[in-house]
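Novice: One structure follows; several queries about it will come next.
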Amino acid sequence: MIHSAEWTDEMRNIDHRNSVIMAYCGYGVPNERAAIASDDTSATFIFENELIPYQVGKDSNVYNEMHFYDLPWPKDLLIGMSAENVRLKVTLSYYIQPSPTQKGNYNKYRYQSAGLAFDVKTVNESREQFIARHNSNHPVEDKSTNDTDRWMIGQQLRSVGTVQSDWFECSAADLATCNEIAVYPTSGWWKYRKLDNVDNRIKYSLVVSITSSKTPVYDAVANAIRQQVQVMV
């Protein structure tokens, strides 16, 4: 339902700052048609998984797993669409356990058991570069940088809750190379407790939609998705 939501024109006119619109309207008004079905120019993937965010380190708990998804992109079709405008929308939803002893001033890193975040490979970024941006144990000689300006909501604003939704628009040819998504842990109170006493496992859902301006993409996506979707830990 949140993934299908859009801001109305009235919502967009509240303020030029997305942070203000988010404060008043959240992610907007759900679209029932988009929530229950794809169409010729829009295709949606749903991934459901669970992640173990932390492991015991030498002196304290350290980050453990992150997931990298190879999206079943119709790459040849997208390249052929060239400069046609397309939109990629991603929504991440996960469950937390609130801190049973937290009192006083609110601190999301002490209230939530663990946080999750997502990122999408940038244009022409290699798989190795993308992994290295999120894993210091995976060095590469030619480091890449993240393109944070492409997102409509932005990493900082969307990360305040356990349902995070964001989108960007680009040419179809550029989107053809943005074919991987990372889901990775952020801080939480599990990181500072003995892991023997907690579940230390987060269930999450990842919803991804690709929408074109005019070219039908659904059949090409359906053909690509018949191949097994790979997850690398």
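Novice: Just one of P53, P72 is open to solvent by less than 20 Å² (accessible area, probe 1.4 Å) and under 16 Å from T211 (Cα atoms); which is it?
Specialist: Checking each option against the conditions leaves just P72.
Novice: Just one of the numbered conditions (1) over 30 Å from M81 (Cβ atoms); (2) open to solvent by 70 Å² or more (accessible area, probe 1.4 Å) is not true of E169; which one?
Specialist: (1)
Novice: Yes or no: P72 closer than 22 Å to D174 by Cα and touching a helix residue (DSSP H, G or I) at 6+ places or on another chain (Cβ under 9 Å)?
Specialist: When the stated conditions are applied, P72 passes them.
Novice: Across the range 131-156, which residue is nearest to T186 (Cα to Cα) among those that are surrounded by fewer than 16 Cβ atoms within 10 Å (Cβ to Cβ) and in contact (Cβ under 8 Å) with a residue 40 or more places away in the chain?
Specialist: Going through the qualifying residues, I end up with N135.
Novice: Sticking with this one: Condition test on V229, is it in contact with a strand residue (DSSP E or B) (Cβ under 8 Å, 6 or more places away or on another chain), modelled with pLDDT of 90 or more, within 16 Å of P72 (Cβ to Cβ) and not small (G, A, S)?
Specialist: On the way: in contact with a strand residue (DSSP E or B) (Cβ under 8 Å, 6 or more places away or on another chain): yes; modelled with pLDDT of 90 or more: no; within 16 Å of P72 (Cβ to Cβ): yes; not small (G, A, S): yes.
Against the criterion (in contact with a strand residue (DSSP E or B) (Cβ under 8 Å, 6 or more places away or on another chain), modelled with pLDDT of 90 or more, within 16 Å of P72 (Cβ to Cβ) and not small (G, A, S)), V229 does not qualify.
Novice: Quick one: in the range 181-226, of everything that is loosely packed, with under 15 Cβ neighbours inside 10 Å and under 23 Å from S42 (Cβ atoms), which residue is modelled with the lowest pLDDT?
Specialist: R226
Novice: Would you mention how many residues in the range 3-18 are crowded, with 16+ Cβ neighbours inside 10 Å, part of a loop (DSSP other than H, G, I, E, B) and either of a type in the set (A, V, I, L, M) or in contact with an Asp or Glu (Cβ under 8 Å, 6 or more places away or on another chain) (or both)? Quick ask: steps written out before the conclusion?
Specialist: First, the residues of the range 3-18 that are crowded, with 16+ Cβ neighbours inside 10 Å: 3-5, 7, 11, 18.
From the residues that got through so far, the ones that are part of a loop (DSSP other than H, G, I, E, B) too are 3-5, 7.
Now restrict to residues that are either of a type in the set (A, V, I, L, M) or in contact with an Asp or Glu (Cβ under 8 Å, 6 or more places away or on another chain) (or both): 4-5.
Counting residues in the range 3-18 that are crowded, with 16+ Cβ neighbours inside 10 Å, part of a loop (DSSP other than H, G, I, E, B) and either of a type in the set (A, V, I, L, M) or in contact with an Asp or Glu (Cβ under 8 Å, 6 or more places away or on another chain) (or both) gives 2.
Residue-by-condition table, conditions (1) surrounded by 19 or more Cβ atoms within 10 Å (Cβ to Cβ); (2) in contact with a helix residue (DSSP H, G or I) (Cβ under 9 Å, 6 or more places away or on another chain):
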residue: V120; (1), (2): yes, yes
residue: N124; (1), (2): no, yes
residue: E128; (1), (2): no, no
residue: T162; (1), (2): no, no
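The values are calculated or read from the model by the stated rules, or taken from the named source; none is laboratory data. Small disclaimer: the values here were computed from a predicted structure and weren't measured. Backbone-built Cβ (ideal geometry, glycine too); neighbour counts: all protein chains shown. Protein only, heavy atoms only, side chains kept; ligands, DNA and RNA dropped before computing areas. Shrake-Rupley method; radii C 1.70, N 1.55, O 1.52, S 1.80 Å.
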